[in-house]
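This report concerns only the one structure given below.
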Amino acid sequence: MIPFLLLIVPTFILGLWAQMKVGSTYRKYSQVRSRGGITGAEAASYVMRQAGISDVDIVAIRGQLTDHYDPRNRRLALSQDNYHGTSLAALGVAAHEAGHAIQHHEKYAPLEARMALVPATSFASKALPVLLIVSIFGAGFIGFATSNMIILGVIAIYLVLTLFQLITLPVEFDASKRAREHLLGLGIIQADERHGVVQTLNAAGWTYVAAFVSSLATLLYYVMIFVGNRD
């Protein structure tokens, strides 16, 4: 119980705080219109065009903060508010996703590594619930050795997930850095508007930090269980 409280509970609190932080910050700066009046879709287009990218489609999708770049289909998807919006939050998010398109165009090593891990991560995410259900509800029907093998499987899965989250950090931070530089360099925002963009992107960055910390803490928790069982 003590390892669980020390590892899992604090990371849950961190994740909850990160989600609240990004939500409140996004809402705040989605109300602050940029003086240039450029929409998120236009900003993403300008940023990519400057980088020599002309074959990425920019589309509007449903939801809030559902924005993402799809390297497989070379598609930059922006939520409706960010696609049509002219707020500092919309510009920051749109330029951030355009930063991912530039990373893909330039074959940015951490992004290439993350893309290579996607199949393994997808498999791990699907296998994890099965192993957890078996370990919880099948504890009375499986032997000690089998139980340890299941825990070892969970450890292997969280190792993959944690590695994926670790590689995600430089990918996301670099995309945010590119967003800030391009928005200023292209004159899409003015120097005094930079703060709102930075605050929005920094808040989003905390969600990735929280995801990595949570995955690492869970990995360590199951490692401790496995070592304890062996002892």
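The values are calculated or read from the model by the stated rules, or taken from the named source; none is laboratory data. Being a predicted model, the structure only gives us computed values, none of them experimental. Counting neighbours? That spans all protein chains shown, and the Cβs are built from the backbone with ideal geometry, glycine included. Ligands, DNA and RNA are excluded from the accessible area calculation, which covers all protein heavy atoms including side chains. Shrake-Rupley method; radii C 1.70, N 1.55, O 1.52, S 1.80 Å.
Structure above, values below:
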{"quantity": "Qualifying positions in the range 15-31 - aliphatic (A, V, I, L, M) and either buried (at least 17 other Cβ atoms within 10 Å of the Cβ) or within 15 Å of Ala95 (Cα to Cα) (or both)", "calculated": "Ala18, Val22"}
{"quantity": "Out of Arg114, Arg72, Arg33, sole residue that is closer than 30 Å to Ile150 by Cα and not hydroxyl-bearing (Ser, Thr, Tyr)", "calculated": "Arg114"}
{"quantity": "Selection from the range 44-74 of residues that are in a strand (DSSP E or B) and open to solvent by less than 60 Å² (accessible area, probe 1.4 Å)", "calculated": "Ile58, Val59, Ala60, Ile61, Tyr69, Asp70"}
{"quantity": "Subset of the range 75-94 [aliphatic (A, V, I, L, M) and not in a helix (DSSP H, G or I)]", "calculated": "Leu76, Ala77, Leu78"}
{"quantity": "Which listed residue is open to solvent by less than 40 Å² (accessible area, probe 1.4 Å) and within 16 Å of Gly205 (Cβ to Cβ), from Ala77, Ala41, Ala95, Ala90", "calculated": "Ala95"}
{"quantity": "Meets criteria (open to solvent by 70 Å² or more (accessible area, probe 1.4 Å), at pLDDT 95 or above and under 18 Å from Ile188 (Cα atoms)) for His84", "calculated": "yes"}
{"quantity": "Pairs where the first residue, in the range 51-76, is without any contact (Cβ under 8 Å) to a residue 40 or more places away in the chain and under 17 Å from Leu111 (Cα atoms) and the second is open to solvent by 90 Å² or more (accessible area, probe 1.4 Å) and outside any loop (DSSP other than H, G, I, E, B), C-beta under 6 Å, 6+ apart", "calculated": "Arg75/Asp57"}
{"quantity": "Index of the failed condition, Ala101 passing every other in (1) open to solvent by 50 Å² or more (accessible area, probe 1.4 Å); (2) touching a Leu at 6+ places or on another chain (Cβ under 7 Å); (3) of a type in the set (A, V, I, L, M)", "calculated": "(1)"}
{"quantity": "Leu111, sole failed condition from (1) at pLDDT 95 or above; (2) open to solvent by 30 Å² or more (accessible area, probe 1.4 Å)", "calculated": "(2)"}
